[in-house]
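Enquirer: Structure incoming, see below.
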């Protein structure tokens, strides 16, 4: 949006179309937070690394973080339905609200090993 479209002239002050009022101007801003995301298992292979920093809108939930990641595993939508999430090393639910500096671990389901029977 061009700068001239953002401001509207009203007497001595310029006002923005959205945001909070200050003493003279209405200001538009967003509040962001940064979380650390850890990827495990097949997710680590899909994204190509085990850790990333992610900026989210303040007050974002675990569900919103997962939604932002859905494009990483195209064709594997069932994977997202079964991911466990831990925030700061405690299991979290989809509605839990994240905070700035949180560590979020995405834990895909794990199928394990093989059964080996010992011969006697």
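Each value in this text was obtained by applying a stated rule to the coordinates, not by laboratory testing. Keep in mind that this is a model prediction, so the values were computed, not measured. All Cβ positions, even for glycine, are placed from backbone atoms using ideal geometry, and neighbour counts span all protein chains on display.
Enquirer: Could you line up 61, 52, 82 from fewest to most neighbouring Cβ atoms inside 10 Å? Working shown, then result.
Expert: Values: 61 16, 52 13, 82 9.
Listing 61, 52, 82 from fewest to most nearby Cβ atoms yields 82, 52, 61.
Enquirer: Can you grab the distance from the C-alpha centre of region 44-63 to the C-alpha centre of region 86-110, Å, no decimals?
Expert: Cα centres, region 44-63 to region 86-110: 10 Å.
Enquirer: Note the full-extension length gain between residue 72 and residue 90 as 0.36 nm times their separation in residues minus their Cα-Cα distance, in nm to one decimal. All intermediate terms of the calculation are to be shown ahead of the outcome.
Expert: On the way: separation 18, 0.36 × 18 = 6.48 nm, distance 2.39 nm.
Separation in residues times 0.36 nm, less the Cα-Cα distance, equals 4.1 nm.
Enquirer: Can I get the semi-axes of region 32-107's equivalent ellipsoid? Compute them from the C-alpha gyration tensor as square roots of 5 times the eigenvalues, in angstrom, largest first.
Expert: 19, 13, 12
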